[in-house]
Each structure stands twice: as structure tokens, then as C-alpha cells.
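Following: one structure in C-alpha cells, then a few remarks.
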Amino acid sequence: MYKALYRKYRPQTFSDVIGQDHVRTVLKRQCETGRISHAYLFCGTRGTGKTTSAKILAKAVNCLDPQNGEPCGKCAACLSIENGTATDVLELDAASNNKVDDIRAICDELIYPPTALKRRVYIIDEVHMLTASAYNALLKTLEEPPEHVVFVLATTELNKIPPTILSRCQRFEFRRVPAQDIAKRLLYVSGCEQLRLDEDAALLIARLADGAVRDGLSLLESCVEAANGGPIDRSVVASQLGIAEDRTMLKLFKAVAGRDIPACLSLLDEYYASAKSLSVLLDDMLSTVRDMLYVKQGGKAENLMSNTEPLDIKELAALFENDRLAYFASVAEEARNRLVGYAMNKRLITELALIKLCDARFSDSPQALAARVTALEKALASGVSLRPAAQPERVPGAEHSPTRAEAPAKTQKEPAQARPAEPEEKPFEYVSELCEHLSHRSDIRKLIETSDLFTQGGLLIIHSSSPFAQSVLSDVANAELVGAAARAATGRDYAVTVTGPRPKESEPGFLNELQEE
Ligand SMILES: [Zn+2]
């Protein structure tokens, strides 16, 4: 008879259970010394070995020939439990069986000694599904259980278990199994089954299993069928399990590396059109940035967390300095938090985040500053002159020529053709007209009047040194108001962004200091 892999390779002893060392050590010791508790609560996500461990425990307390706390697996007791014929071991799924009558029935039979085994073991799976009255019945039996009874309650939702039950059980938490442990198990099983599973494919399956060994084995099983006797490699796994090789992050961060704002925005368009959630995009960005940082510190591929291919992560990580990655993380995180707060304009918030990634001048976070300094140091080390006119590549921070309102002549001497992709910031010429269109909102108007307004392509950039003004004007509804006023004043559409004050003369001085060093 065909047996599913996860059944065939179900752990038979505590030592076989992977990823739960803290649980198995204690259980083994209790069985060895005979200090068995009357009620256990196993909690943790699905597929982490809760019911498997419960069954091993049932065998271990009943085994006729136990070995250092482990069941022998060969005696009559072990065998009857293994093939489900032992009437003294009862498995109950509360998800389908949450009636108070079933629990009452259990309570009624408790007084009788076990028929064939040493102890009666009740395994109640998904115990959080029990009704309140079923809990009450259970509680009574847990208060004074007979000597020969052991309860093992299992749940995926610890928070739903009443405290009265919790206080009467010995609790064990089952953790998500690390991907590399699952991969090892998959490779072991493949060896036994003479399957040609390669390491890379094993890791991919293990990551998809998300901490659940059982899921890993089921996924492997479906790949075995697809491979039809051939080798099981990464591409077989990807096509069988329906993971489109996700290259969105590769494309996106490559565009960011090239400071290509239009490319970033068109990628966002594509993503948005496919009706995917923008907060998922930002989450993916965060985990991809985390992985890049991790790889740069010499971390191993099996510990990567994002859906981006390990090879892509390596390629991307080489494009950025640590400081810039830390800056990316802060921008993506801020945008994600704002998405949670605002129901509207998620797209605008995400667009602004992408623009900030490409051009750190739109952000005045400490991370942006640190990234600029690193870029400057790198430029200096490679002997690049930091005079804006002679600058061959766009380095964040270094690209800021002193373009204050009083020095416009100077900027015009150094024309923008050095950086054709990115138009120069120009003073916004219709401030008074814009303010007129804000006459119904004197509060916003006042904040605009005390800020410096610049345009850059389709962006209206509000520079303000006041954190209060920044926060009020960043509010999506207020930014929209300003955008509408700008449209009314100029006939053009602008995306409004709010940032800190424009750098003043201190910045060139700071450049000179660096140059002199
Ligand atoms: Zn045995």
C-alpha cells in the first residue's frame, strides 16, 4: 500500500523529532524517570511535530521495553499504538468533534483502568476549538485526573486557551523548524527513497514549507511526481509549485542602483496593474534589503528570508553600500507604516518612497546622511573631484551644488547636461498664486509661506526646516490640497513632496573639509 512520505517518515522516537530540542529533551527525561505529568499542552504552528510528539509520548509511557526514555517501537504496546488499534490511546480532533458530549464520554470512562496498556492517553488536537461547555467538562477532569491517565492537548492558537486550562497543563512550545533543518530532512528522505533531489531544490522547498516539516515532505512528494523519475532541481520545484520566478525586486533595485526614477515608477505601474497589494511590495522590499545586508555580512543563502532568488540577492548586494541599504530600510519601513495609517493614496506614498530611494535628497533621515557620507568617502578614495561641475557620476549628497535662491547664477554656469536624466531643482515661480488658491485654508497657507518651494520635473518640493510644517504638509490630504492649488495656479499637475530645508553653504564647506583630508 502506498504511504505518503510524511507518514512513512514520521518520527518514531523523540530523537527523530527535528528542530524541537528543548521539547524532546524534557519529555525524554520525564519518561526515563517516570515523572510523567497528567496534562500536557503542546502549542505551535502547524506541521511542527505536536501530534507526532504526542504519539511518541503515548508509546514511551506504555512501552514494555523503553530505551532511555524512548519507546522501543517493537513491543506489543508500541505496535498497537503505531497502527491505531490500541483502545487506550484516543486521538480526538476538536475541530470536528467539539461537542460537550464527546468530552463527557471521555470523563465517564476515565474511572476505568486501561484495558491493555499501562496508561490511557488522550490526545486532543486543535483543543482551542472546543466549546465553552466542553472546556468546563474537560476542566473538571483535569482538576483530579486518575493516576493512569495522561492528557495531551495540542493547539495552534495558544491565545484561545482559557487560563484555567493553561494553569493545569505543562506547556511546551513547538517552534517553526529552521529551513536548513527541513532541507536536511528532505535530503535524508530523498536518499532513502533514491530520489535525485539537489541541495538547491531542497532549500527552496524548505523555505516554502515555512517551518513545517510535514508541509516540506508533502511539497517534495508533489515534485517527485512532476520529475517523473528525473532529477529534482530548482526549476522542477519552481514550475511544479507554481512559483513564478519573482524578479520584481531584482528589476526594482537595479533601477534604484541606476537612480532611474522613471523605470522605478513604471515597475510600480506594472505591479499596481496586477492588483497586488502595495504593502506586500514594501514588505518584499524590506526583506530583500534585509537579505542584501545579510549577504554582505557573509550570511548563508539558506537563511535568506525574502522571495528573491539567492543569486539575485548576491548580485544586488554588490551594487550597494551598507549605509545605503540601511537608508533603504528606513524609507521602506516609513512608507509601510504610513500605508497602514492611510486608506487613501497608497500609491502616492509608495511612489514617493521609490523616488526617495533613487535620490536621497528627498529624505533628511540620519540614514540618508550616513549614506551620503559613505558615497563621498568612496568618491574621495577613488580620486574623484567633488567639485559639482567635474563630477563624473551621481553620488548622493555630492551632487548638491549650492543652489540657494541667492546663488542661481552660479548654478546656471554649471549646466544640467552632466546629469540629463535628473532635472535641476528650480524655484517655484507661482508661490503667491498658489497661496491665493489656499485662501480658504489659512493654516496651510501660512506653512507654505514659511517654506521654500522648488520644482523638479513633475515634482513640487516643499522644503521646510520646521518639523511641524513637515508633518502637517506631509499629511496626504494636505499634500493633495497643495497639489490642487498648484494645479489651479499653473495648469500643471504636480506630485507634492515635503522634505527638510535645502542644504546651505555649510555643505560645500563640508565637502572642502573632506577634500582636504
Ligand atoms: Zn515498546
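The values are calculated or read from the model by the stated rules, or taken from the named source; none is laboratory data. Every value quoted in this text rests on a predicted model; they were computed, and no experiment measured them. FYI the Cβ positions are ideal-geometry reconstructions off the backbone, even for glycines, and counts take in every protein chain you see.
I'd like to check something: does the stretch 174-189 contain any residue that is more than 21 Å from the chain's Cα centre (by Cα) and farther than 17 Å from Val17 by Cα? Spell out the reasoning first.
Going through the stretch 174-189, the residues more than 21 Å from the chain's Cα centre (by Cα) turn out to be 184-189.
Right, trim to farther than 17 Å from Val17 by Cα and you get none.
Checked the stretch 174-189: no residue is more than 21 Å from the chain's Cα centre (by Cα) and farther than 17 Å from Val17 by Cα.
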Q) Scanning for something touching a Lys or Arg at 6+ places or on another chain (Cβ under 9 Å), of a type in the set (D, E, K, R) and at negative phi, does the stretch 299-306 turn up at least one residue? A) yes
Q. Of the numbered conditions (1) modelled with pLDDT under 85; (2) surrounded by 15 or more Cβ atoms within 10 Å (Cβ to Cβ); (3) closer than 26 Å to Arg347 by Cβ, Ala486 satisfies every one except a single condition; which is it?
A. (1)
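Check the stretch 34-51 and report whether any residue there is away from the ligand (no atom under 14 Å from the Cβ), among the charged types (D, E, K, R) and surrounded by fewer than 18 Cβ atoms within 10 Å (Cβ to Cβ). Step through it out loud before you land on a result.
The first filter runs over the stretch 34-51 and keeps only residues away from the ligand (no atom under 14 Å from the Cβ), leaving 34-51.
Then keep just the ones that are among the charged types (D, E, K, R); that gives 35, 46, 50.
Then keep just the ones that are surrounded by fewer than 18 Cβ atoms within 10 Å (Cβ to Cβ); that gives 35, 46.
Yes: one or more hits.
Only one of these is within 13 Å of the ligand (Cβ to nearest atom), within 17 Å of Tyr40 (Cβ to Cβ), not in a loop (DSSP other than H, G, I, E, B) and not hydroxyl-bearing (Ser, Thr, Tyr): Ile124, Ile81, Ile106. Name it.
None of the others qualify; the one that does is Ile81.
For residues that are within 23 Å of Glu321 (Cβ to Cβ) and of a type in the set (A, V, I, L, M), scanning just the stretch 331-351, find the one that is modelled with the lowest pLDDT.
Top of the filtered list is Ala335.
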Q | Residue satisfying condition, being within 27 Å of Arg176 (Cβ to Cβ) and assigned to a loop (DSSP other than H, G, I, E, B), within set Ser287, Ser239, Ser306, Ser235 | A | Ser306
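Does any residue of the stretch 103-116 turn out to be surrounded by 21 or more Cβ atoms within 10 Å (Cβ to Cβ) and touching a strand residue (DSSP E or B) at 6+ places or on another chain (Cβ under 6 Å)?
In the first step, residues of the stretch 103-116 are kept if they are surrounded by 21 or more Cβ atoms within 10 Å (Cβ to Cβ); the result is 103.
If we keep only those that are touching a strand residue (DSSP E or B) at 6+ places or on another chain (Cβ under 6 Å) too, we end up with none.
Among the residues of the stretch 103-116, not one is surrounded by 21 or more Cβ atoms within 10 Å (Cβ to Cβ) and touching a strand residue (DSSP E or B) at 6+ places or on another chain (Cβ under 6 Å), which makes the answer no.
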Q.
Can you tell me which condition Gln67 does not meet? The list is (1) within 13 Å of the ligand (Cβ to nearest atom); (2) modelled with pLDDT of 95 or more, and all the others hold.
A. (2)
Q) Which residue pairs have Cβ atoms under 9 Å apart, sit 6 or more places apart or on different chains, and have a first residue in the stretch 216-227 that is surrounded by fewer than 23 Cβ atoms within 10 Å (Cβ to Cβ) and a second that is of a type in the set (D, E, K, R) and in a helix (DSSP H, G or I)? A) Val224/Glu193
Q: Scan the stretch 430-445 residue by residue and report those that are modelled with pLDDT of 85 or more and over 13 Å from Gly491 (Cβ atoms).
A: Val431, Ser432, Cys435, Glu436, Leu438, Ile444, Arg445
Q.
Val89 - would you say it is among the hydrophobic types (A, V, I, L, M, F, W, C), modelled with pLDDT of 95 or more and either within 16 Å of the ligand (Cβ to nearest atom) or not assigned by TED's automatic domain parsing to the domain that holds Val152 (or both)?
A. no
